[in-house]
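The values are calculated or read from the model by the stated rules, or taken from the named source; none is laboratory data. Keep in mind that what you see is a predicted model, and the values were worked out from it rather than measured. A quick note on method: Cβ atoms are made from the backbone with ideal geometry, for glycine too, and the neighbour counts reach across all protein chains shown. Please note that ligands, DNA and RNA were not included when accessible areas were found on the heavy atoms of the full protein model with its side chains. Shrake-Rupley method; radii C 1.70, N 1.55, O 1.52, S 1.80 Å.
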Amino acid sequence: MAKEVKLLGFWASAYVVRVQIALNFKGIEYDYVEEDLKKKSELLLQSNPVYRQVPVLVHAGKPIPESMVILEYIEEAWPEKPLLPQDPYQRAMARFWARFAEEKCLPSGVKYFTTKGEDQLKAKEELVENLKILEGALQGKKFFAGETAGMVDIVAGWLPFWIRRMEGLFGDKVVEEDNLPHLNAWFQDYLSLPFVREKLPPPEKVCAHLRGLLASLEPN
Ligand SMILES: N[C@@H](CCC(=O)N[C@@H](CS)C(=O)NCC(=O)O)C(=O)O
């Protein structure tokens with residue numbers, strides 16, 4: 001029988017993976033529908049006519065696009081096992097850091113991945129600067145949310161997996177014990193959480209996919 005929740009996704013998308021991790025954290029059952037991004041389904045085009053992108057969460061027939069919006073929706077629709085703190089100030093600050101991770105760290109990570117030479121060195125500097133600021137939000141805690149992971153961990157959660165893949169591809173180190181000790185420890189702690197690990201795509205397959213993306217950026 002079809003489930004009440006459906007997720008339209010693409011296996012190598014960090015945006016999709018974060019939604020899968022949140023659903024897994026909450027213990028929500030769903031049907032996963034893999035999209036061919038070169039030949040998008042009618043359901044995807046109708047569900048997200050503005051951006052035509054994955055992820056889209058369909059709950060009781062109603063589509064919700066955009067991963068950050070989906071995460072907030074999941075939190076509100078299934079309030080048990082909260083991802084956000086109950087205290088209004090702490091809640092606001094969690095949203096602040098989630099937004100910082102999304103609006104500052106993610107674009108600088110993309111810049112690092114898509115540039116070369118001098119430009120990549122500059123992009124790396126900018127990325128490390130932003131990660132130092134983000135590291136400050138850990139404030140000696142194991143996770144951004146405290147003893148267990150929460151919203152900020154899931155939003156910033158692409159970093160541990162995808163940064164390590166980029167480091168492997170470029171033979172470089174961005175996050176290590178020496179420059180970002182707390183974030184480095186968080187990388188390991190986050191990736192070892194069972195509800196996270198279960199939803200990560202195979203690392204080798206992701207490396208091959210990233211190599212393909214890099215090749216597609218090369219001028220013909
Ligand atoms: N801001 C969006 C980004 C989603 C996104 O970039 N999805 C990509 C896959 S990683 C996609 O659907 N690409 C297909 C396209 O743009 O045509 C979110 O957070 O959900």
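Does at least one position in region 56-74 carry a residue that is closer than 28 Å to Glu42 by Cβ and aromatic (Phe, Trp, Tyr)?
yes
When only residues in region 51-70 that are touching a helix residue (DSSP H, G or I) at 6+ places or on another chain (Cβ under 7 Å) and part of a helix (DSSP H, G or I) count, which is nearest to Glu34 (Cα to Cα)?
The qualifying residue nearest to Glu34 (Cα to Cα) is Ser67.
Do you know which of the residues in region 117-143 that are within 17 Å of Ala156 (Cα to Cα) and among the polar types (S, T, N, Q) is least open to solvent (accessible area, probe 1.4 Å)?
Asn130
Within region 38-58, take every residue that is polar (S, T, N, Q) and within 11 Å of the ligand (Cβ to nearest atom) and give me the one that is least open to solvent (accessible area, probe 1.4 Å).
Per the stated criteria, the residue is Asn48.
Could you please give the count of residues in region 1-49 that are assigned to a loop (DSSP other than H, G, I, E, B) and in contact (Cβ under 8 Å) with a residue 12 or more places away in the chain?
Summing the residues that are assigned to a loop (DSSP other than H, G, I, E, B) and in contact (Cβ under 8 Å) with a residue 12 or more places away in the chain in region 1-49 gives 16.
Kindly provide the set of residues from region 1-26 that are more than 13 Å from the ligand (Cβ to nearest atom), open to solvent by less than 60 Å² (accessible area, probe 1.4 Å) and of a type outside the set (Val, Ile, Thr), ordered by number.
If the condition is that a residue be more than 13 Å from the ligand (Cβ to nearest atom), open to solvent by less than 60 Å² (accessible area, probe 1.4 Å) and of a type outside the set (Val, Ile, Thr), then Leu23, Asn24, Phe25, Lys26 are the ones that fit.
How many of the residues making up region 176-189 are over 18 Å from Glu125 (Cβ atoms) and either within 15 Å of the chain's Cα centre (by Cα) or open to solvent by less than 10 Å² (accessible area, probe 1.4 Å) (or both)?
Number of matching residues: 2.
Looking at (1) within 14 Å of the ligand (Cβ to nearest atom); (2) open to solvent by 30 Å² or more (accessible area, probe 1.4 Å); (3) touching a residue at least 24 places away in the same chain (Cβ under 8 Å); (4) not assigned by TED's automatic domain parsing to the domain that holds Val155, which is the one condition that is false for Pro82?
Answer for Pro82: the failing condition is (1).
For every residue, the table says whether it meets (1) without any contact (Cβ under 8 Å) to a residue 12 or more places away in the chain; (2) open to solvent by 30 Å² or more (accessible area, probe 1.4 Å).
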{"residue": "Pro88", "(1), (2)": "yes, yes"}
{"residue": "Phe113", "(1), (2)": "no, no"}
{"residue": "Gly150", "(1), (2)": "no, no"}
{"residue": "Pro160", "(1), (2)": "no, no"}
{"residue": "Glu167", "(1), (2)": "yes, no"}
{"residue": "Val174", "(1), (2)": "no, no"}
